[in-house]
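Everything below concerns the one structure shown next.
The values are calculated or read from the model by the stated rules, or taken from the named source; none is laboratory data. Quantities reported herein were computed from a predicted structural model and do not represent experimental measurements. Cβ placement follows ideal geometry from the backbone for every residue including glycine, while neighbour counts extend to all protein chains displayed.
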Amino acid sequence: MPAPPGLRLPPPLQVAWLVADPMRFFAAGRRLGPVFAIRLPGMPPEVCVATADLAEQVLAADGSGGRAGAVRRGLLGPLVGEASLLTLDEEPWWRHRRLLGPPLHGRAVARWGERVAEIAAADIDRWPLGEPFALRPRMERITLEVIMRVVFGIRDAGRLRRLRVLLPRLVALGGNAAVVRLPPRPREWLLTAPAARRAAFLPTTRFARVRAQVDAILYDEMARRRRDGDPGACDVLSQLLAARDEAGEPLTDREVRDELITLLVAGHETTATALAWTFERLVRTPRVLERLRDEPADGDDGRAYLDAVIKESLRVRPVVPATPRVLAEPMVVGGHRIPAGWCVAAVIPLVHTDPDVFPDPGVFRPERFLGPEAAKANRAWLPFGGGRRYCAGAQLALLEMRMIVAEVLRRVELRPADPAPERVRLRAVTLVPARSARVVAARRGSAAARPWPG
Ligand code: HEM
């Protein structure tokens, strides 16, 4: 059985191309066939697939030794710790997934809709009017607030103030190349040894300090909740403290801490970027924007169109590029044998632009998720991955997107700061708009709020 065809470039050039222009990089791979191999420095060879059927096969590996945790551990371990849904595999992962499932279930998160809308409204009212600004950082502010107040359930104003500064710093330093690229042993030494911890200029020292400050707040919050109790609390932290596994055991404080940081890392920038892309596309597609505004806000039809807009945005501009798994056993995909130890991945932007499923794949047309074509489109829609490692926060992300898009449309009119579409850039592990979705806002109904003419 032949090996999959591969890009003929040395690994450092492949990674440089991937970072500079991820869409062209993946498109070049697809020209070799629906199964192709890439090589990135420091990683095992990675076999990529480009269609929904092949993606389904690859994601089925989750049940037979495909390991998502092993791929993510090197990059995310220092930030999220060892007891994280992102980095665990096999039985320990299952235990955590079963405990985190109920608080993030669709029905559970639906209770947070009002809170999310209030948080969004308060932020939108502070947006500048009549001058260009970048939407993505604003969306990050809103989604961070949702994580702190709705997921962590923090109410104390002082703690919220401190976390508002500390959490973005923690994520930025935790993703810093000087922290993530170090081999595990020297990194652990730099993060923990007293001599290293005195060198304040080192990124590892700054990271360790911020991490200790955040951990102190979270452990203290857990101690208070255990002491004071609040049986009616519906935030994720309170529910995790009350959760018991099949042996009747609770998660330890360390495990709860790691999962809280996991939800922050997995759910904050991703959702903000998805929202930024939604508006980047909407302001350049006036037909869709107008239809969305004209639909009744609360009726079923209005909600159906809003949902289709969100789906189409996550299709045409998926935030996460791929779903890599390290194989514990060899696998056959599309007539190619892939050895154990290699990675396989569905490449989400390629699956989402397969012209057999999505005619005119570059066009932003939410209607493809309504009517007779919808069933086929939904089957190939993978922005949240799939298999057993399907995004644990997908229902929360979709709720946030629905509430925040509706709140923005209710309060302001937006037009692009520049009519040219924003390019797709790879930033850490997400696909972001190159200029962070720059727009100009006007208060709804004001003369300056006329829609973009083109
Ligand atoms: C639009 C926003 C989001 C997108 C596009 C997204 C996408 C993804 C993707 C593609 C994966 C990997 C799935 C796979 O490998 O098959 C993932 C995993 C995960 N996501 Fe999300 N996500 C989003 C928001 C969130 C939110 C809000 C949370 C929680 C607060 C969250 C928590 C997680 C967790 C914990 C995992 C790891 C699941 C596991 O390995 O068991 N995500 N997400």
Taking region 247-300 and keeping only residues that are polar (S, T, N, Q) and not in a helix (DSSP H, G or I), one is left with Thr252, Thr285
Can you find a residue in region 26-37 that is at pLDDT below 95, under 20 Å from Met331 (Cα atoms) and more than 19 Å from the chain's Cα centre (by Cα)?
no
Quick one: in region 396-444, which of the residues that are among the small types (Gly, Ala, Ser) and under 20 Å from Glu145 (Cβ atoms) is surrounded by the fewest Cβ atoms within 10 Å (Cβ to Cβ)?
Ala406
Grab the helices (runs of 4 or more DSSP H) fully contained in region 154-241, keeping just those with 1 or more residues being within 25 Å of Val109 (Cα to Cα) and within 26 Å of the chain's Cα centre (by Cα).
157-174, 203-228
Which numbered condition Val165 misses (of (1) under 20 Å from Val214 (Cα atoms); (2) surrounded by fewer than 18 Cβ atoms within 10 Å (Cβ to Cβ); (3) touching a helix residue (DSSP H, G or I) at 6+ places or on another chain (Cβ under 6 Å); (4) modelled with pLDDT of 95 or more):
(3)
Residue among Arg227, Arg211 that is out of contact with any Ser or Thr (no Cβ under 9 Å at 6 or more places or on another chain) and surrounded by fewer than 16 Cβ atoms within 10 Å (Cβ to Cβ)
Arg227
Find the residue count for region 119-136, including only residues that are assigned to a helix (DSSP H, G or I) and surrounded by 14 or more Cβ atoms within 10 Å (Cβ to Cβ).
7
Qualifying residue in region 251-264 (condition: over 23 Å from the mean Cα position of the chain (by Cα), acidic (Asp, Glu) and loosely packed, with under 12 Cβ neighbours inside 10 Å)
no
Against the definition (surrounded by fewer than 17 Cβ atoms within 10 Å (Cβ to Cβ) and over 19 Å from Leu426 (Cβ atoms)), how does Glu90 come out, yes or no?
yes
Quick check, is Leu129 modelled with pLDDT of 95 or more and within 14 Å of the ligand (Cβ to nearest atom)?
no
On the basis of being more than 22 Å from the chain's Cα centre (by Cα), closer than 30 Å to Arg415 by Cβ, assigned to a helix (DSSP H, G or I) and more than 14 Å from the ligand (Cβ to nearest atom), does Leu306 make the cut?
no
Find all pairs meeting these conditions: Cβ atoms under 8 angstrom apart; at least six residues apart or on different chains; first residue within region 358-376 and within 22 Å of Pro286 (Cβ to Cβ); second residue among the polar types (S, T, N, Q) and surrounded by 11 or more Cβ atoms within 10 Å (Cβ to Cβ).
Pro361/Thr353; Gly362/Thr353; Phe364/Thr285; Phe364/Ser313; Phe369/Asn378
How many residues are more than 13 Å from the ligand (Cβ to nearest atom) and not acidic (Asp, Glu) when one looks only at region 395-444?
31
Within the set of pairs 6 or more residues apart or between chains, which connect a residue that is under 19 Å from Val432 (Cβ atoms) and more than 7 Å from the ligand (Cβ to nearest atom) inside region 377-394 to a residue that is in a helix (DSSP H, G or I) and of a type in the set (A, V, I, L, M) with Cβ atoms less than 9 Å apart?
Leu382/Ala52; Leu382/Ala55; Leu382/Leu59; Leu382/Ile348; Leu382/Val351
Answer from Leu182, Leu218 - the residue that is at pLDDT below 85 and either surrounded by 17 or more Cβ atoms within 10 Å (Cβ to Cβ) or among the β-branched types (Val, Ile, Thr) (or both)
Leu182
Can you say whether Arg284 is away from the ligand (no atom under 13 Å from the Cβ), at pLDDT 95 or above and surrounded by 15 or more Cβ atoms within 10 Å (Cβ to Cβ), as far as the supplied structure shows?
yes
If you scan region 81-105, which residues turn out to be in contact (Cβ under 8 Å) with a residue 40 or more places away in the chain and more than 9 Å from the ligand (Cβ to nearest atom)?
Gly81, Glu82, Ala83, Arg95, Arg98, Leu99, Gly101, Pro102, Pro103, His105
Might you check whether a residue that is within 14 Å of the ligand (Cβ to nearest atom) and within 16 Å of the chain's Cα centre (by Cα) occurs anywhere in region 352-364?
no
